[in-house]
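Report on the structure given below.
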Amino acid sequence: MQQENEQKRVSRRRFLGAGSAAIAAAAGLQGAQAQEKTAIRSSDHHLKGESQPVQGNDPLDKENPSSVWAPATDSGGQPPFKYSFSLSHKRIEEGGWTRQVTVRDLPISKKMAGVQMRLIEGGIRELHWHVGAEWALMLYGSARITAVDQQGRSHVSDVKEGDLWIFPGGIPHSIQGLGPDGAEFLLVFDDGNFNEFETFLLTDWIAHTPPEILAKNFNVKENPFAESPKKELFIFERDLPRPLAEEQRQSEAGTGRVPHSFDFRPSEMKPSKVSKGGEVKIVDQKIWPATNIAAAIVTLKPGGLRELHWHPNEDEWQYYVKGKGRMTVFAAGGRARTMDFQEGDVGYIEKSVPHYIENTGDTDLVFIEVFPTPFYEDISLAEWMAHTPSRLVDQHLKTGEDFLAKIGRKEAVVVPE
Ligand code: MN
Ligand code: MN
């Protein structure tokens, strides 16, 4: 035992010895602390003289360089704000599959949850509703959606790649994959506790209501639901729907159509902001009256940066559609952490907590920011500094007032401008 401890001490001394030598060599001059910190950092993510005798989870390490070798400005302490759909249980049914990321998977995501769903051609997500609102982005293919509002007014439409829909809380709805290859889409809910496997399903409700009540409810002698499924259908495959115009006419008879469409096509709007670094489309209740969930669809070109900012009104739920990026979240009290993101990852930032997103790949980075509130709001660091007396800011940061005078008067959103 004593010998073992002695060996440990020796190897620790050796390790520290190599480290201090490297620091001394690289720092050269007077060893300012910051200089020491940079000096021990190498491009291969190893300390000088450090071997890697123990094998880790290599593919995961490669996807997460900012965790393996954090920027010197990180200080830990911030709980994880990333989860990947790849780690979620996938429920597979005959007509498609689904998986979810909720507060049970990502504890920081208290106010929002997300679902990925694939429906094959003809695959139906059963008629259902839930307490929270459902905001959706079509990732691939096309689908027929249906819904009915509080006044019996109907919405039936076909949505395709890039389109959005909103089903406000409590509004019953369905989704069916169309030809030639069905659809894949992302759903976002304004409820971190949401559970896609515990929604109010049409079949489930009928199966749990006494038959004589069903007969009485529809004013018939015999229960017309005797052949209805005894178990939920959830996702199932059937024939394709009838032509759109025909189904709209049938569903709208007597009550009409919902006054504000439940779907929205960002492809038909101009970007809210375009710069050299990319562009952003802000889709909220100002341009889409039916939605009570706000979103920004952001495209960053390689090297582009979604500038330093925060959102004073709500938490932000992110989904990375394509490309690679990194995000640092500064959570006050000196807590800061950087995490890496790619296709299929979810990110989460609490209200008023500042962050940036940088494209670290060599292709466009596309991600969405979703907020459980009707209107989008943000405050950028640059805009704050530009509209604060420059002497005051300089007294804090020692940048010189010339630098401050050159900051744009309007927020860039995406840089470079
Ligand atoms: Mn739903
Ligand atoms: Mn943001």
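The values are calculated or read from the model by the stated rules, or taken from the named source; none is laboratory data. Computed from a predicted structure; not experimentally measured. Glycine gets a Cβ as well: all are built from the backbone with ideal geometry, and neighbour counts include every protein chain shown. Side chains are part of the model used for accessible areas, which takes the heavy atoms of the whole protein and leaves out ligands, DNA and RNA. Shrake-Rupley method; radii C 1.70, N 1.55, O 1.52, S 1.80 Å.
If you go through segment 166-213 one residue at a time, how many are in contact with a Leu (Cβ under 7 Å, 6 or more places away or on another chain), among the small types (Gly, Ala, Ser), assigned to a loop (DSSP other than H, G, I, E, B) and surrounded by 21 or more Cβ atoms within 10 Å (Cβ to Cβ)?
So the answer is 1.
What residue, among those in segment 284-316 that are touching a helix residue (DSSP H, G or I) at 6+ places or on another chain (Cβ under 7 Å) and closer than 21 Å to LEU381 by Cβ, is surrounded by the fewest Cβ atoms within 10 Å (Cβ to Cβ)?
Looking only at segment 284-316, we keep the residues that are touching a helix residue (DSSP H, G or I) at 6+ places or on another chain (Cβ under 7 Å), and these are 297, 307-309.
Cutting the leftovers down to closer than 21 Å to LEU381 by Cβ gives us 307-309.
On the way: GLU307: 22, LEU308: 17, HIS309: 19.
Looking at residues that are touching a helix residue (DSSP H, G or I) at 6+ places or on another chain (Cβ under 7 Å) and closer than 21 Å to LEU381 by Cβ, I get LEU308.
Before we move on, is VAL159 within 16 Å of ligand 2 (Cβ to nearest atom) and either touching a Phe, Trp or Tyr at 6+ places or on another chain (Cβ under 8 Å) or over 25 Å from SER84 (Cα atoms) (or both)? It would help to see each step written out before you state the result.
Details: within 16 Å of ligand 2 (Cβ to nearest atom): no; either touching a Phe, Trp or Tyr at 6+ places or on another chain (Cβ under 8 Å) or over 25 Å from SER84 (Cα atoms) (or both): yes.
So VAL159 does not fit the description; no.
Can you name every one of the helices (runs of 4 or more DSSP H) wholly within segment 337-417 that holds 2 or more residues which are out of contact with any Lys or Arg (no Cβ under 8 Å at 6 or more places or on another chain), assigned by TED's automatic domain parsing to the domain that holds ASP315 and closer than 27 Å to ILE293 by Cα?
Values: elements: 381-386, 390-397, 401-405.
Of the helices (runs of 4 or more DSSP H) lying wholly inside segment 337-417, those with at least 2 residues that are out of contact with any Lys or Arg (no Cβ under 8 Å at 6 or more places or on another chain), assigned by TED's automatic domain parsing to the domain that holds ASP315 and closer than 27 Å to ILE293 by Cα span 381-386.
Residues of segment 314-325 being away from ligand 2 (no atom under 14 Å from the Cβ) and either outside any strand (DSSP E or B) or farther than 13 Å from ILE297 by Cα (or both), which ones? Don't jump to the end; show me each part of the working.
So the first thing to find is which residues in segment 314-325 are away from ligand 2 (no atom under 14 Å from the Cβ), and the list is 321-324.
Answer for segment 314-325, where residues must be away from ligand 2 (no atom under 14 Å from the Cβ) and either outside any strand (DSSP E or B) or farther than 13 Å from ILE297 by Cα (or both): GLY323, LYS324.
If you go through segment 344-355 one residue at a time, do you hit one that is hydrophobic (A, V, I, L, M, F, W, C) and farther than 19 Å from TYR83 by Cβ?
Checked against the condition, which is being hydrophobic (A, V, I, L, M, F, W, C) and farther than 19 Å from TYR83 by Cβ, segment 344-355 yields no hits at all.
Could you say which residue among ILE287, ILE282 is of a type in the set (Val, Ile, Thr) and under 19 Å from the mean Cα position of the chain (by Cα)?
Details: ILE287 fails: under 19 Å from the mean Cα position of the chain (by Cα).
Every option except ILE282 fails the conditions.
Which one is least open to solvent (accessible area, probe 1.4 Å), of the residues in segment 151-165 that are farther than 19 Å from ILE293 by Cα and part of a loop (DSSP other than H, G, I, E, B)?
In the first step, residues of segment 151-165 are kept if they are farther than 19 Å from ILE293 by Cα; the result is 151-154, 156-158, 160-161.
Among the residues that remain, those that are also part of a loop (DSSP other than H, G, I, E, B) are: 151-153, 161.
Details: GLN151: 123, GLY152: 29, ARG153: 55, GLU161: 117 Å².
Only one residue tops the list, namely GLY152.
Can you find, within segment 317-363, the residue that is most open to solvent (accessible area, probe 1.4 Å) among those that are under 11 Å from the mean Cα position of the chain (by Cα), among the aliphatic types (A, V, I, L, M) and closer than 19 Å to VAL414 by Cβ?
Taking the candidates together, the pick is VAL321.
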